[in-house]
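Student: Here it is: the structure, laid out below.
The values are calculated or read from the model by the stated rules, or taken from the named source; none is laboratory data. Quick caveat: nothing in here was measured; it's all calculated off a predicted structure. Don't worry about glycine lacking a Cβ; one is built from the backbone with ideal geometry, like all the others, and counts go over all protein chains shown.
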Amino acid sequence: MHRHEIYAEKPRKDVPETDFVSSTKPATIENYLTDESRLITGKAEKVFFPRTEAHITKILIDANKRKIRVTISGAGTGITGSRVPQGGIVLATEKMTNVFERGSEENLAEHSDLGVKYTLYIQKDAERNEHYAIVPPGIPLETLKKIFEDKNLCYPPDTTEMTALLGGTVATNASGARTFHYGCTRDYVRRLRVVLPNGDVLDIKRGRVFASEEKQFDIILTSGKRITVELPSYTMPDIKKNAAGYYTKPGMDLIDLFIGSEGTLGVISEVEIKLENQPKNVLPVFAHFSSESDAIKFVKSLRTLSRSKKPDEVGIDALSIEFLDERSIELLKKKYPPSKIPAKSKSAIFFEQEIPNEQAFNDLLKSCVDLLESCNVLDTMASRGIDWLKEIKDIRHALPESINTIVRSKGVHKVATDIAVPERAFDKMMSYYHEVGKNSGISYAIFGHVGDNHLHFNFIPESEEALVRAERACALLLKKAVELGGTITAEHGVGKKTFVENGERKPYLKLMYGVEGLKSVARIKHAFDPNHILNVGNIIPVSYLEDLNE
């Protein structure tokens with residue numbers, strides 16, 4: 001077998017083999033017709049609840065034969081409409097909670113939560129000197145966290161919404177705040193089992209299959225048919241976090257084509273993830289400033305010190321760095337007392353610092369205090385302990401929830417970005433955020449993963465007319481991000497989102513890669529899914545797929 005080839009296989013005969021259920025009840029189906037964004041509402045005829053890889057295969061073979069659209073659904077925590085069906089059936093992955101016969105009993109980990117039993121295997125790779133876990137796609141991140149904590153291990157990607165299912169986060173390369181220290185979800189996926197639209201299965205191990213010099217992969221199906229897949233024609237931005245379109249780079253690993261593909265190429269049936277040691281002690285620091293400029297000055301210093309620390313020395317090394325602007329602080333003041341959000345605060349930074357041992361604590365604490373004071377900190381709240389860390393994360397999580405509550409009470413929805421730019425362009429992007437926001441005349445809030453130059457700009461429209469203006473203004477922000485060498489989506493994915501230009505809705509991804517880029521994405525989708533049944537409407541518009549059938 002050549003390095004650019006992979007042979008498909010039949011689905012694993014999982015034990016125990018059980019029947020899967022489905023439902024045509026309107027009340028059941030309604031639970032799968034939108035996501036957290038409420039951007040769009042879909043329609044479907046039936047929802048299937050597979051429990052095994054073999055179940056997924058049966059569902060897809062039948063749908064492919066009848067050319068019925070299949071939309072894959074995770075927990076519904078996405079905000080791009082990715083899981084919203086446009087007709088056909090829904091394949092809900094929430095009952096994919098067990099890994100069958102994938103390791104010895106001593107490596108088996110079990111956990112029950114709300115009546116659901118989850119099983120997975122945690123093993124040691126002696127050659128790489130790392131732990132890894134073989135995990136079902138339907139397990140929530142918060143459940144994984146509980147299981148790994150008991151073994152002093154952790155899976156670093158930490159999306160804001162921890163009820164997200166693992167399979168969904170891999171499908172979108174969703175990563176969260178600790179990307180600053182650990183890297184993104186892609187960096188922690190060692191192996192994937194993926195069921196293709198025709199029912200065949202690919203078992204893709206990182207480091208086994210790479211793109212050829214001609215920028216191609218060859219997939220040999222169980223029927224003997226060979227599928228040649230050409231990499232996208234575009235060049236991706238040179239930044240850590242990017243979830244815009246199919247991944248591509250010269251000599252890339254095949255597994256990376258599926259990570260972030262948003263369920264358009266296949267259904268993930270099993271994931272093997274790399275684990276890290278659980279941080280021994282985490283000191284969460286919530287620092288408030290009287291100006292945004294002081295907060296950003298602190299961020300830049302914190303980033304520099306974190307990146308310059310050597311592995312064998314004790315020093316400032318933030319796990320995550322989060323930013324809250326003045327409007328974000330105002331919204332939180334309505335929910336929390338001054339003891340949590342000081343009255344004079346105009347901007348805040350939340351960061352996490354690991355404390356390797358008790359001896360290092362005082363030195364690290366003094367270094368953090370000195371750095372904060374050099375940036376004119378207004379107030380600082382810091383305390384070791386899981387309770388305080390959870391409380392700060394709850395405060396951070398309350399912010400998007402507050403914004404959603406406001407706009408939904410007005411009968412509209414927020415208009416938000418997921419932009420990340422190169423570090424050299426951060427100041428220009430930040431200045432442009434405020435320029436466009438103020439010129440729009442619409443209330444806005446900026447917050448997010450500033451460690452990776454990745455912020456979420458949220459317009460908060462309170463009428464239909466303001467919503468239209470917000471969408472026009474949002475397009476300006478997206479274009480500026482691309483102009484500065486950044487991405488329009490760092491972790492949320494593309495889904496079914498569009499942007500508005502001159503009163504016309506256009507494909508979201510067109511902003512980054514143009515028409516030719518979209519066509520190359522469509523050709524990859526078509527190669528894997530010639531009947532166009534799987535997650536149609538995600539990443540690329542249906543019209544680009546229809547053109548391939550003419």
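Student: I'd like to check something: does the range 484-503 contain any residue that is out of contact with any Ser or Thr (no Cβ under 8 Å at 6 or more places or on another chain) and in a helix (DSSP H, G or I)?
Tutor: No, every residue in the range 484-503 fails to be out of contact with any Ser or Thr (no Cβ under 8 Å at 6 or more places or on another chain) and in a helix (DSSP H, G or I).
Student: What's the total number of residues in the range 500-519 that are more than 17 Å from Lys480 (Cβ to Cβ) and within 23 Å of the chain's Cα centre (by Cα)?
Tutor: 3
Student: For a quick check of your reading of the model, give me the residue pairs whose first member lies in the range 288-310 and is in the same structural domain as Glu373 (by TED's automatic domain parsing), whose second is outside any strand (DSSP E or B) and among the small types (Gly, Ala, Ser), with beta-carbon atoms closer than 7 Å and at least 6 apart or on different chains.
Tutor: His288/Ser345; Phe289/Ala295; Arg303/Gly451; Leu305/Gly315; Lys309/Gly315
Student: For the range 115-132, how many residues meet the condition of being part of a loop (DSSP other than H, G, I, E, B) and among the β-branched types (Val, Ile, Thr)?
Tutor: 0
Student: From the list Ala343, Ala295, Ala244, exactly one residue is surrounded by fewer than 21 Cβ atoms within 10 Å (Cβ to Cβ), among the aliphatic types (A, V, I, L, M) and either touching a strand residue (DSSP E or B) at 6+ places or on another chain (Cβ under 9 Å) or farther than 30 Å from Ala63 by Cβ (or both). Which is it?
Tutor: Ala343
Student: State yes or no: is Ala8 modelled with pLDDT of 90 or more, under 24 Å from the mean Cα position of the chain (by Cα) and of a type outside the set (Phe, Trp, Tyr)?
Tutor: Here the answer is no, as Ala8 does not meet what is asked.
Student: Another question about this same structure. Which ones in the range 479-498 are crowded, with 22+ Cβ neighbours inside 10 Å and not β-branched (Val, Ile, Thr)?
Tutor: Once the filter is applied, which keeps residues that are crowded, with 22+ Cβ neighbours inside 10 Å and not β-branched (Val, Ile, Thr), the range 479-498 yields Ala481, Gly486, Ala490, Glu491, His492, Gly493, Gly495, Lys496, Lys497.
Student: Still on this structure: In this structure, does Gly176 turn out to be under 30 Å from Leu283 (Cα atoms) and assigned by TED's automatic domain parsing to the domain that holds Gly266?
Tutor: Judged against the criteria, Gly176 is a match.
Residue-by-condition table, conditions (1) over 18 Å from Ser306 (Cα atoms); (2) touching a Phe, Trp or Tyr at 6+ places or on another chain (Cβ under 9 Å); (3) among the acidic types (Asp, Glu); (4) assigned by TED's automatic domain parsing to the domain that holds Leu484:
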| position | (1), (2), (3), (4) |
| --- | --- |
| Ser345 | yes, yes, no, yes |
| Ile355 | no, yes, no, yes |
| Asn362 | no, no, no, yes |
| Val369 | no, no, no, yes |
| His397 | yes, no, no, yes |
| Pro400 | yes, yes, no, yes |
| Ser409 | yes, no, no, yes |
| Glu423 | no, no, yes, yes |
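Student: How about the range 363-379: which of its residues are touching a helix residue (DSSP H, G or I) at 6+ places or on another chain (Cβ under 9 Å) and either surrounded by fewer than 18 Cβ atoms within 10 Å (Cβ to Cβ) or not in a helix (DSSP H, G or I) (or both)?
Tutor: Ser367, Leu371, Ser374, Cys375, Asn376, Val377, Leu378, listed by residue number.
Student: Moving on to the next point. Quick check on my filter: what residues within the range 34-69 are touching a residue at least 40 places away in the same chain (Cβ under 8 Å), among the acidic types (Asp, Glu) and farther than 30 Å from His456 by Cβ?
Tutor: Passing the criteria: Glu45, Glu53.
Student: Give the range 37-51 a look and list any residue that's at pLDDT below 95 and surrounded by fewer than 17 Cβ atoms within 10 Å (Cβ to Cβ), or say none.
Tutor: Residues satisfying the conditions are Arg38, Thr41.
Student: Looking only at the range 329-352, which residues are assigned to a loop (DSSP other than H, G, I, E, B) and not hydroxyl-bearing (Ser, Thr, Tyr)?
Tutor: Correct list: Lys334, Lys335, Pro337, Pro338, Lys340, Ile341, Pro342, Ala343, Lys344, Lys346.
Student: Scanning the range 81-114 for residues that are part of a strand (DSSP E or B) and in contact (Cβ under 8 Å) with a residue 40 or more places away in the chain, which turns out surrounded by the most Cβ atoms within 10 Å (Cβ to Cβ)?
Tutor: In this case the residue turns out to be Leu91.
Student: Working only within the range 531-550, note down all residues that are free of Cβ contacts under 8 Å to residues at least 60 places away in the same chain and more than 18 Å from Lys496 (Cβ to Cβ).
Tutor: If the condition is that a residue be free of Cβ contacts under 8 Å to residues at least 60 places away in the same chain and more than 18 Å from Lys496 (Cβ to Cβ), then Asp547, Leu548, Asn549, Glu550 are the ones that fit.
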